Amino acid sequence: MFTESEHALIRKALRFTATGPLFPEWEFQSLFGLTRGEILALSESGCHEPVSEQFVLAVNGAIVNLLYYPHGKLVLVAAEVGPMEQLEKLGLAWRAAYLPA
């Protein structure tokens with residue numbers, strides 16, 4: 001469903017979400033519904049069909065929070081994950097594919 005470059009962007013987004021400096025520990029699980037360790041493990045597992053509910057939650061949370069959480073670090077996100085336009089486009093496609101309307 002998604003291209004290899006989109007899968008790579010998903011993996012980068014998940015890894016940076018779990019290991020980067022953007023999200024404080026005290027609210028991490030509230031923001032994502034998962035722990036850092038769970039998101040890191042999902043980043044390493046890859047995108048396999050059918051995707052699990054946990055994977056859908058992790059990817060959606062990572063993309064939304066990387067783009068819109070008020071961390072003020074979009075330049076860093078772009079450097080570590082990829083261009084914001086690609087991330088935003090991927091987020092729209094992901095929500096269309098996996099989240100209810």
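Which residues, taken from the range 53-77, are in contact with a helix residue (DSSP H, G or I) (Cβ under 7 Å, 6 or more places away or on another chain), free of Cβ contacts under 8 Å to residues at least 60 places away in the same chain and open to solvent by less than 40 Å² (accessible area, probe 1.4 Å)?
Within the range 53-77, PHE55, VAL56, ALA58, VAL59, ASN60, GLY61, ALA62, ILE63, ASN65, LEU66, LEU67 meet the criteria.
For the subset of the range 20-52 comprising residues that are closer than 18 Å to GLU4 by Cβ and in a helix (DSSP H, G or I), which member is most open to solvent (accessible area, probe 1.4 Å)?
Here is the first cut: in the range 20-52, the residues closer than 18 Å to GLU4 by Cβ are 42-49, 51.
Then keep just the ones that are in a helix (DSSP H, G or I); that gives 42-45.
Details: LEU42: 21, SER43: 7, GLU44: 120, SER45: 54 Å².
Only one residue fits best here, namely GLU44.
What is the residue count in the range 53-101 for residues that are of a type in the set (Gly, Ala, Ser) and assigned to a loop (DSSP other than H, G, I, E, B)?
Within the range 53-101, the first condition is being of a type in the set (Gly, Ala, Ser), and the residues that meet it are 58, 61-62, 72, 78-79, 82, 91, 93, 96-97, 101.
Next, from what is left, pick out any that are assigned to a loop (DSSP other than H, G, I, E, B): 72, 82, 101.
Final tally of qualifying residues: 3.
Look at LEU99 and say whether it is at pLDDT 95 or above and of a type outside the set (Ser, Thr, Tyr).
Details: at pLDDT 95 or above: no; of a type outside the set (Ser, Thr, Tyr): yes.
In short, no.
Return the residues of the range 78-101 that are aromatic (Phe, Trp, Tyr) and either open to solvent by 80 Å² or more (accessible area, probe 1.4 Å) or over 21 Å from PHE23 (Cβ atoms) (or both); say none if nothing qualifies.
Step one: list which residues in the range 78-101 are aromatic (Phe, Trp, Tyr), which gives 94, 98.
Within the range 78-101, TYR98 is the sole residue that qualifies.
Would you pick out the residues in the range 7-19 that are open to solvent by less than 50 Å² (accessible area, probe 1.4 Å) and farther than 24 Å from GLY72 by Cβ?
Taking the range 7-19 as the starting set, the residues that turn out to be open to solvent by less than 50 Å² (accessible area, probe 1.4 Å) are 7-10, 13-14, 16-18.
Those that are open to solvent by less than 50 Å² (accessible area, probe 1.4 Å) and farther than 24 Å from GLY72 by Cβ: HIS7, ALA8.
The values are calculated or read from the model by the stated rules, or taken from the named source; none is laboratory data. Not measured: the values here are computed from a predicted model. We place every Cβ from the backbone using ideal geometry, glycine too, and count neighbours over all the protein chains shown. What goes into the accessible areas is simple: the full protein's heavy atoms, side chains included, and nothing from ligands, DNA or RNA. Shrake-Rupley method; radii C 1.70, N 1.55, O 1.52, S 1.80 Å.
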